[in-house]
Amino acid sequence: MRSTPFIIILAACLMCNAALAIAQVPRLLAIPVYLEEAGIPVNGQRTLDVRWYAGAVGGTSLLQETLTTQLDQGSGTLVLGATASITDTLLMSGPLWLGISIDGGAEVQPRTMLASVPYALMADRARIAEELAPEVTGIVTSLNEIAGAVRLIGGKGVSVRRDGNTLVAEGQRVVESGTVIPASVDHVYNITPLTILEPDITILVSVASDTHIDADVRSVDVVGNTFTVVTSAPLLDSERLRWQLIR
């Protein structure tokens with residue numbers, strides 16, 4: 001079944017640097033991204049123009065900054081807020097989307113949607129808790145009415161680490177990716193990656209198309225190190241099956 005392309009949602013984590021209570025606290029937003037050009041993962045140091053929008057399509061950009069980011073097989077991390085002020089009003093306005101342009105080109109489609117984490121964390125009590133140094137003891141803090149020591153703990157596939165005064169949430173890492181060009185009109189594809197298909201490997205598949213086509217992993221053969229992908233409709237010559245191995 002074909003429909004409008006689904007928006008990619010990436011997790012995000014808000015980070016606050018320590019500052020005087022009377023001053024505005026600088027806010028940095030670390031966003032893991034995966035970027036491709038013509039179906040090929042982007043590599044090396046690239047210049048990215050990042051624009052904030054209130055919607056998935058159209059509209060006027062609410063904020064813009066230019067970043068220099070290192071990408072490895074399409075994967076990298078954007079640290080937003082270093083050259084443009086991320087205000088409380090922007091973070092609390094609701095769902096936001098990022099439009100990303102590579103080296104001055106057109107915006108990558110679809111836009112990247114930010115989860116609700118950034119503006120949900122903007123409560124005053126959360127800000128006070130984040131400004132406290134980790135070694136401070138004997139002080140009761142609270143977050144969403146949870147009293148006592150407040151800790152951020154990563155769930156499945158997400159880890160949280162401290163880098164100086166910055167809290168960084170990291171997702172799973174892309175260990176291998178590829179694109180399948182349909183040799184004929186078909187909807188079943190057998191793929192043999194270079195990476196060993198161990199139990200901690202997650203396989204993600206999608207179809208690059210002007211319309212949405214579902215893609216699912218039907219089976220995994222660990223002996224032959226092959227996995228089989230089935231699409232909901234046969235692929236045309238202009239369409240591509242994309243896959244990623246995540247650990």
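Some observations on this one:
- Considering residues of the stretch 230-247 that are within 22 Å of Gly74 (Cα to Cα) and of a type outside the set (D, E, K, R) only, the residue surrounded by the fewest Cβ atoms within 10 Å (Cβ to Cβ): Ser238
- Some residue of the stretch 22-33 being assigned to a strand (DSSP E or B), under 21 Å from Thr166 (Cα atoms), of a type in the set (Lys, Arg) and out of contact with any Leu (no Cβ under 6 Å at 6 or more places or on another chain): yes
- Which numbered condition Gly138 fails, given (1) at pLDDT below 85; (2) touching a strand residue (DSSP E or B) at 6+ places or on another chain (Cβ under 8 Å): (2)
- Taken over the stretch 205-247, residues that are among the aliphatic types (A, V, I, L, M) and in a strand (DSSP E or B) amount to 11.
- Selection from the stretch 58-116 of residues that are of a type in the set (Val, Ile, Thr) and assigned to a helix (DSSP H, G or I): Thr89
The values are calculated or read from the model by the stated rules, or taken from the named source; none is laboratory data. Please read these numbers as outputs of a predicted model, since none were measured by experiment. Cβ: placed from backbone, ideal geometry, glycine included. Neighbour counts: every protein chain shown.
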